[in-house]
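Input: a single structure, listed below in structure tokens.
The values are calculated or read from the model by the stated rules, or taken from the named source; none is laboratory data. Quantities reported herein were computed from a predicted structural model and do not represent experimental measurements. Cβ coordinates were reconstructed from backbone atoms using ideal geometry, including for glycine residues, and neighbour counts include every protein chain displayed. Side chains included, ligands, DNA and RNA excluded: accessible areas come from the protein's heavy atoms. Shrake-Rupley method; radii C 1.70, N 1.55, O 1.52, S 1.80 Å.
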Amino acid sequence: MTNRFKISMISILVSAFAIFDGFIFYEITSVLLPPSSESVRAKSIDVPSYLPFKDDSLIVKKRDDTFTFDEGERPVIDCATALYPVASGIVNALYDKSDVQIEGNYFTADSKLQLNNTVGAYKALAEGNSDIGILAKPSQEQIEYAKSLGCNLKLEPIGYDAFVFLVNANNPVENLSSDQIRGIFKGHYKNWNELCDFDKQITPILRSENSGSETAFKSFIGSYIDTSELSDTSLSRQGSPIGYSFRFYVENVVNNGRIKMIGLDGIEPTKQNIIKKQYPLISSFYAVYDANNTNPNVLKVVNWIKGTMGQELIDETGYVKL
């Protein structure tokens with residue numbers, strides 16, 4: 001075998017692996033695991049598509065010209081990635097176009113709308129760099145970090161969503177019980193054929209620490225699990241994954257036919273089943289602020305979100321209003 005032939009074969013193998021690895025990320029990992037890093041976060045939602053004050057924006061476009069800010073700074077609103085359409089809609093309804101500044105996919109430091117995802121948004125609140133976060137419940141670590149800086153996090157419920165479990169579309173499983181899902185993530189089930197007619201290794205996928213979905217997942221699991229064999233960066237090439245997220249993000253942002261949400265305890269995670277309180281895992285999301293914040297406009301905005309027009313915006317966005 002000549003050196004030239006060896007080099008050609010190595011190049012082909014490297015290229016093939018790169019293509020396959022890219023397929024794994026874009027087809028499976030990225031849609032099951034919207035991660036927290038800055039470089040990948042931009043792939044998890046198309047930021048310009050949901051901008052306020054933009055004619056072709058995908059947000060719910062409401063305008064409340066009767067709302068007025070009191071004297072003082074207009075609050076900086078930050079948010080989780082999945083709740084960015086809600087935060088942008090709020091800004092569109094209450095703020096002025098000049099309040100929002102963006103360069104590429106990133107809001108500038110002086111913009112009143114920010115998108116730092118759950119981890120970054122709770123950090124910004126704790127450090128006084130934002131005023132209101134549109135977020136899922138914080139982790140205990142995030143609560144303690146805020147306390148250490150004198151920040152007293154106040155959570156005002158503003159809507160509901162379903163916490164859902166996701167599999168590849170070619171997986172025949174349509175429903176699992178809560179105990180079966182706990183068993184998967186605790187390592188009691190190793191192959192899908194133990195649960196359905198599908199002979200593939202089960203690959204459980206964890207989300208990044210302190211993300212909103214990871215905090216919800218740990219609440220659901222209810223006890224310690226050994227995560228040493230579960231990784232959000234290493235995905236088995238042979239198995240078929242199961243992951244988790246929130247219904248709105250999967251249905252309206254990812255909207256990817258290669259994955260599907262499955263039922264839990266025989267109930268589908270539809271908006272109607274959330275409204276009727278029939279789906280087992282219904283999660284609140286919140287307007288979060290520092291109770292020590294003396295800016296009167298913070299409570300004014302929070303109360304607007306909980307009022308008639310704010311709740312209509314949340315409902316029309318695709319979440320479930322209070």
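Values for this structure:
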quantity: Sole exception among (1) out of contact with any strand residue (DSSP E or B) (no Cβ under 8 Å at 6 or more places or on another chain); (2) touching a residue at least 12 places away in the same chain (Cβ under 8 Å); (3) in a loop (DSSP other than H, G, I, E, B) for Asp56, by number; calculated: (2)
quantity: Check on Leu166, under 30 Å from Thr294 (Cβ atoms) and either without any contact (Cβ under 8 Å) to a residue 24 or more places away in the chain or within 20 Å of the chain's Cα centre (by Cα) (or both); calculated: no
quantity: Tyr122 being open to solvent by 70 Å² or more (accessible area, probe 1.4 Å), assigned to a helix (DSSP H, G or I), of a type in the set (Phe, Trp, Tyr) and more than 21 Å from Asp96 (Cβ to Cβ); calculated: no
quantity: Within the range 165-182, considering residues that are among the polar types (S, T, N, Q) and part of a strand (DSSP E or B), the one least open to solvent (accessible area, probe 1.4 Å); calculated: Asn168
quantity: Gln101 vs. criteria open to solvent by 30 Å² or more (accessible area, probe 1.4 Å) and in contact with a strand residue (DSSP E or B) (Cβ under 9 Å, 6 or more places away or on another chain); calculated: yes
